[in-house]
Amino acid sequence: MIKMNKNDNAEIAIIGGTGIYNLEGIQDEKIIDIPTPFGHPSGLLKSGYFKNRKIVFMPRHGKKHSVPPHKINFRANIWIMKKLGVERIIAPCAVGSLREKMKPGDIAIPDQFIDRTKNRTSTFYEKDTVAHISTADPFCPELRKIAVSRGKKLNYQIHEKATQICIEGPRFSTRAESHMFRSWGGDTINMTLIPECILAREVEICYVAIATITDYDVWAEKPVSHHEVLKILGKNVEKTNNIITNMIPEIKRERNCLCVHALDEAI
């Protein structure tokens, strides 16, 4: 385990979601241990070079999926990314579908969210300084464009826009809740988007979610077996890795998006 030094700075971070606990192909790999003012992060960080870009990888739920969604230390995770100099985060996540047209095996690139979490701290600004960031458009438009483009080039079924509901967990929704979320305009649902994307915006890091659909939420009354979900999840992991692999070389080193100036008029 290596303490951080100035050579550990990274441009791009991948925060691996359900089923994505590692990223193959990292060269000059190094495990980094960084203390944070918010406690321990989800897991150890793995840094190195990938497609000639300096990246860092972190499993959101820990190496063996030991951290449940409502216990993820989101502030420690994002604080570390900022400390390392990360400017972009690619964040895969597994989601349920609230729409017939969004089928298991498809991939959505969310452009909006609805926050239904209850007990999560969603800001770094709790004392002395107050910040009101805009989340009118909560995801980086540049990264979203690249994710959609690369996914389509791979001939995957990509949904260019989606409103993602984020619930507290760890339980799933009731049928009544699922129907309510559909009536609100929700398209996909998961438990980890919030406050991860909000905290990234607070520290002016570009953020994109790659939402891989594993099943229909309970509104559909189409029970999906655990075996089927695991089968779809396995295929989705391969798709996600392919999208990330194809995205990284397309990301420009210069940023020209709203994320860069998120704090300009927020403090």
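In this structure the amide hydrogen of Tyr216, modeled in the peptide plane, comes within under 5 Å of the amide hydrogens of Ser97, none closer than 5 places in sequence on its chain. Going down the list Lys118/Lys222; Lys64/Lys231; Lys63/Lys161; Lys64/Lys161; Lys101/Lys161, which pairs span over 21 Å between their C-alpha atoms? In this structure, Lys118/Lys222; Lys63/Lys161; Lys64/Lys161 lie more than 21 Å apart at Cα.
With a 1.4 Å probe and all protein chains in place, put Asp106, Asp137 in order of accessible area, largest first.
On the way: Asp106 10, Asp137 85 Å².
The residues order as Asp137, Asp106, largest area first.
Extending 7 Å from the Cα toward the beta-carbon at both Glu11 and Arg175 defines two label points whose distance is 5.1 nm.
Taking 0.36 nm per residue of separation and subtracting the current Cα-Cα distance, fully stretching the chain between Lys71 and Asp33 would add 11.7 nm.
Along its principal axes, the stretch 1-132 has C-alpha extents of 48, 43, 27 angstrom, given from the largest down. Within the accessible area of the chain, the carbon and sulfur atoms contribute 49%, probe 1.4 Å, all protein chains present. Nearest-5 percent of antiparallel DSSP beta bridges in the chain? Among the beta bridges of the chain, antiparallel pairing accounts for roughly 30 percent. Dipole magnitude for the stretch 1-97: computed about the Cα centre from +1 point charges on Lys and Arg Cβ and -1 point charges on Asp and Glu Cβ, it is near 180 debye.
Taking each DSSP H run with n ≥ 4 as -39500 (n - 2.57) and averaging over every residue of the chain yields -7500 deg cm²/dmol at 222 nm.
Cysteines in the chain lacking any other cysteine Cβ under 4.7 Å from their own Cβ: Cys93, Cys166, Cys197, Cys257. Under 5 Å between amide hydrogens, built in the peptide plane, is the criterion, and for Ser42 it picks out Asn73, Asn77 among residues at least 5 positions away or on other chains.
Heavy-atom accessible surface of the chain, averaged per residue, reaches 48 Å², computed with a 1.4 Å probe.
In a reduced charge model with +1 at each Lys and Arg Cβ and -1 at each Asp and Glu Cβ, the chain shows a dipole moment near 560 debye about its Cα centre. Mind sorting out which of (i) 28, 26, 16; (ii) 27, 21, 18; (iii) 32, 23, 16 is the real semi-axes √(5λ) of the Cα gyration tensor in Å computed from the coordinates? Read-out taken from this structure: (ii). With axes computed from alpha carbons, what is the tilt in degrees of helix 226-247 against the longest principal axis of the chain, rounded to the nearest 10 within 0 to 90? Relative to the chain, helix 226-247 is tipped by roughly 40 degrees.
Using a Förster radius of 22 Å, what is the FRET efficiency between Lys83 and Lys63 based on their Cβ-Cβ separation? Nearest 0.05, please. Don't skip to the end; give the middle numbers.
Working: r = 21 Å, r/R0 = 0.95.
Efficiency computed from Cβ-Cβ geometry: 0.60.
When a/c reaches 1.5 or more, the comparison of a/b and b/c decides; with that in mind, is the stretch 91-217 rounded, prolate or oblate per its Cα gyration tensor? Oblate. Between helix 193-202 and the chain there is an angle of about 30 degrees, using the helix long axis and the longest principal axis of the Cα atoms. Taking every DSSP beta bridge that has both ends in the stretch 11-150, the antiparallel portion is near 55%.
The values are calculated or read from the model by the stated rules, or taken from the named source; none is laboratory data. Being a predicted model, the structure only gives us computed values, none of them experimental. A quick note on method: Cβ atoms are made from the backbone with ideal geometry, for glycine too, and the neighbour counts reach across all protein chains shown. Just the protein is used for accessible areas: all its heavy atoms, side chains included, with ligands, DNA and RNA removed. Shrake-Rupley method; radii C 1.70, N 1.55, O 1.52, S 1.80 Å.
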